[in-house]
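Read the structure below first, then the notes.
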Amino acid sequence: MSETLANLLQENRRFEPPAALADAANVKADAYEEADADRLAFWAKQAHRLDWAKEWDQVLDWSNPPFAKWFVGGELNVAYNCLDRHVAAGRGDKVAIHWEGEPGDTRTLTYADLHALTCQAANALADLGVRAGDRVAIYLPMIPEAAVAMLACARIGATHSVVFGGFSADALSGRIQDASAKVVITADGGYRRGKPSGLKTIVDEAVAQCPTIEHVLVVRRTGQEVAWSERDLWWHETVETASTEHEAQPFDAEHPLFILYTSGTTAKPKGILHTTGGYLTQASYTQHAVFDLKPETDVYWCTADIGWVTGHSYIVYGPLSNGATQVMYEGTPDTPHKGRFWDIVDKYGVTILYTAPTLIRTMMKWGDEFPAAANLSSLRVLGSVGEPINPEAWMWYRKNIGHDNTPVVDTWWQTETGAIMISPLPGVTGTKPGSAMRPLPGISADVVDDEGKSVPNGGGGFLVLREPWPSMLRTIWGDDQRFIDTYWSRFPGMYFAGDGAKKDDDGDLWLLGRVDDVMLVSGHNISTTEVESALVSHPSVAEAAVVGATDPTTGQAIVAFTIPRGSVDTAGDAGEALIKELRDHVAKTLGPIAKPRQIMLVAELPKTRSGKIMRRLLRDVAEHRSLGDVTTLQDSTVMDLISDGMKSAKSDE
Ligand code: WT7
């Protein structure tokens with residue numbers, strides 16, 4: 001094996017920033033030089049975008065790696081920075097959240113409204129005995145109270161642990177137990193796919209296993225019947241009757257702000273711990289820099305759920321610390337119809353949209369007519385996060401959503417990194433479809449080989465971070481050793497992200513998926529991402545997932561699961577012909593080594609709750625193993641569909 005990870009895909013399209021956007025951009029090219037000249041001074045300057053009750057003595061203490069301390073000795077209150085300071089500056093009447101419920105009901109919350117509600121929630125939590133340092137679990141639908149609950153915890157120094165509202169009672173109780181949370185904040189239910197789903201019943205089941213829980217605070221959203229016990233309290237009877245006056249106390253820059261569990265597919269979930277000053281500094285700066293957010297004129301919308309880190313950093317802390325006006329949507333993209341997202345963009349005049357590749361590819365599959373039916377001319381910056389975005393999906397996004405002239409920023413980061421790390425700057429970077437381009441100013445990322453040596457341009461390997469960054473995780477909750485083992489042991493002195501990546505001939509970065517997914521075919525390490533992108537570059541394909549299946553001759557062989565675009569005929573011989581055409585197309589695009597042994601046409605792919613493809617399950621299908629646990633699938637019938645497709649598919653070997 002000569003190379004650490006093969007570099008097969010070539011991409012020559014390039015898009016310069018629109019001149020008007022570049023001229024007025026919040027951040028220009030000099031930011032890179034400034035950060036290169038003095039990284040810590042650069043981050044200190046960004047920290048000054050926030051209001052501190054007490055200035056720090058030292059920007060970074062890295063004397064005990066990998067345990068970092070940022071802005072040592074500094075004190076601030078996160079909720080004060082997200083709310084009070086905007087109200088104090090006379091912006092209380094500015095809309096903070098345009099909320100849209102799935103059934104079509106709406107709410108408008110100004111900064112003054114959000115501030116008052118957060119103060120009430122802070123007072124109510126304090127009355128329930130929640131103190132600084134205590135943990136509060138939050139299990140809510142996408143309603144404004146989710147942001148309020150997080151901000152109220154931050155305000156009183158309690159550490160929140162948001163659990164995605166789609167997780168099971170077992171997942172919820174495991175997370176509550178791991179953090180020894182005192183209170184759970186939930187709702188009777190929320191609206192998903194046109195009907196109310198129950199949350200309180202799941203909390204009741206979970207809390208039966210959680211002796212540390214003293215109270216369950218329940219927001220009434222759907223009005224459905226719920227069981228009630230002594231520890232339960234209605235939000236409207238406690239929070240909404242509490243005083244709207246609350247003085248925010250400052251907390252140490254390293255005070256724990258939140259725990260967020262990563263959705264590990266196999267091992268025990270890891271409670272990723274983030275703290276106060278460094279986290280808010282980087283979340284706030286990246287919101288300003290990467291999205292070019294202009295609080296006075298922009299209407300920003302991040303479609304993520306608040307249960308993921310994207311919702312933490314880019315629905316709550318990033319936008320609100322910058323005083324943004326944003327849209328928050330409760331439901332699914334196809335309720336009541338497949339154009340719902342585009343109606344929302346049209347209705348609120350959304351200017352900045354941040355979404356995930358899985359959504360973009362789903363929209364590609366549904367067809368161009370849905371975005372075409374809405375007026376999307378307000379959009380000026382588009383963002384992507386969560387998975388590698390295939391060049392063709394990137395192009396579709398720019399063309400069909402961004403009317404062929406908005407920058408697309410592909411942002412790489414992780415729950416662990418807390419905020420965006422690698423991304424174009426929309427007013428600076430000439431983008432390449434499918435590339436996250438460069439580390440942001442003040443961030444030091446690299447691609448290294450097996451021995452930890454930096455690969456030259458044109459080479460592939462492992463993505464690492466060479467220097468600590470302000471919003472880095474501080475540890476895994478309760479397990480420092482696992483923190484060291486997981487992230488800091490593979491390459492001494494570097495943070496190992498677990499992702500494969502390559503540098504192109506210009507040194508720009510391309511993310512190639514999780515290294516666990518890399519396929520070893522006849523001695524070549526081939527990334528699933530590159531083969532998937534080659535498939536998606538065929539006009540008949542909307543989405544593809546590729547896995548390596550054990551093969552007697554090549555070690556592993558490439559097996560692809562492919563979703564055709566809506567209009568494509570795949571019945572009978574047409575399907576056979578398409579499969580042959582796709583195999584040849586991949587061989588032609590990437591070289592014969594990457595030609596899939598087998599391609600299956602399927603209607604759906606198995607995904608995690610956050611939209612990532614579950615290649616582990618596809619590997620089981622490809623190797624005819626019996627299926628493992630499928631309860632974390634978005635739709636468990638998917639595997640039946642795929643198994644059926646598998647039975648009928650024919651390999652032409
Ligand atoms: C993993 C982190 C970051 C918020 C949402 C996911 C993958 C994320 C990109 C991107 C290629 C990406 C990586 C990463 N990922 N963004 N722009 N290009 N891959 O957070 O659940 O902690 O997942 O998502 O594999 O390690 P997460």
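The values are calculated or read from the model by the stated rules, or taken from the named source; none is laboratory data. Quantities reported herein were computed from a predicted structural model and do not represent experimental measurements. Reconstructed Cβ throughout: ideal geometry from the backbone, glycine too, with neighbour counts over all protein chains shown.
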Worksheet item: Restricting segment 251-300 to residues that are β-branched (V, I, T) and within 13 Å of the ligand (Cβ to nearest atom), which is surrounded by the fewest Cβ atoms within 10 Å (Cβ to Cβ)?
Response: T265
Worksheet item: If only one of L257, L217, L233, L273 is among the hydrophobic types (A, V, I, L, M, F, W, C) and touching a Pro at 6+ places or on another chain (Cβ under 7 Å), which one is it?
Response: L273
Discussion item. All but one of (1) surrounded by fewer than 16 Cβ atoms within 10 Å (Cβ to Cβ); (2) touching a helix residue (DSSP H, G or I) at 6+ places or on another chain (Cβ under 6 Å); (3) not aliphatic (A, V, I, L, M) hold for T186; state the number of the condition that does not hold.
Written reply: (1)
Practice prompt. Looking only at segment 506-523, decide whether some residue is of a type in the set (S, T, Y) and either under 31 Å from the mean Cα position of the chain (by Cα) or within 26 Å of F370 (Cα to Cα) (or both).
Written response: no
Worksheet item: Across segment 159-199, which residue is modelled with the lowest pLDDT among those that are of a type in the set (F, W, Y) and within 20 Å of A227 (Cα to Cα)?
Response: F167
Discussion item. Among the residues of segment 569-586, are any modelled with pLDDT of 95 or more and either touching a Phe, Trp or Tyr at 6+ places or on another chain (Cβ under 7 Å) or closer than 20 Å to V518 by Cβ (or both)?
Written reply: yes
Discussion item. Restricting to segment 64-111, name every residue that is within 25 Å of K347 (Cβ to Cβ) and β-branched (V, I, T).
Written reply: V95, I97, T106, T108, T110
Worksheet item: So D38 clears everything in (1) surrounded by 14 or more Cβ atoms within 10 Å (Cβ to Cβ); (2) acidic (D, E); (3) at pLDDT 95 or above except one condition, right? Which one?
Response: (1)
Worksheet item: Counting only residues that are touching a helix residue (DSSP H, G or I) at 6+ places or on another chain (Cβ under 8 Å) and of a type in the set (A, V, I, L, M), which one in segment 301-316 is nearest to the ligand (Cβ to nearest atom)?
Response: A304
Discussion item. Quick check on my filter: what residues within segment 17-35 are farther than 16 Å from L293 by Cα and exposed (fewer than 13 other Cβ atoms within 10 Å of the Cβ)?
Written reply: A19, D30, E33
Item to complete: With the condition kept exactly as written, say whether any residue in segment 443-451 is among the β-branched types (V, I, T), within 15 Å of the ligand (Cβ to nearest atom) and surrounded by fewer than 20 Cβ atoms within 10 Å (Cβ to Cβ).
Response: no
Worksheet item: Could you say whether any residue in segment 234-246 is touching a strand residue (DSSP E or B) at 6+ places or on another chain (Cβ under 6 Å) and not assigned by TED's automatic domain parsing to the domain that holds R615?
Response: yes
Practice prompt. Report whether or not A158 is free of Cβ contacts under 8 Å to residues at least 40 places away in the same chain and closer than 22 Å to L114 by Cβ.
Written response: yes
Worksheet item: Going through segment 606-627 one residue at a time, which ones are touching a helix residue (DSSP H, G or I) at 6+ places or on another chain (Cβ under 7 Å) and of a type in the set (A, V, I, L, M)?
Response: L617, V621, L627
Fill in: So A132, is it aliphatic (A, V, I, L, M) and over 26 Å from V78 (Cα atoms)
no
Worksheet item: Looking only at residues in segment 495-536 that are part of a loop (DSSP other than H, G, I, E, B) and more than 15 Å from the ligand (Cβ to nearest atom), which one is farthest from V455 (Cα to Cα)?
Response: S522
Worksheet item: Which residues, taken from segment 559-616, are aliphatic (A, V, I, L, M), surrounded by fewer than 21 Cβ atoms within 10 Å (Cβ to Cβ) and assigned to a loop (DSSP other than H, G, I, E, B)?
Response: V568, A571, A603
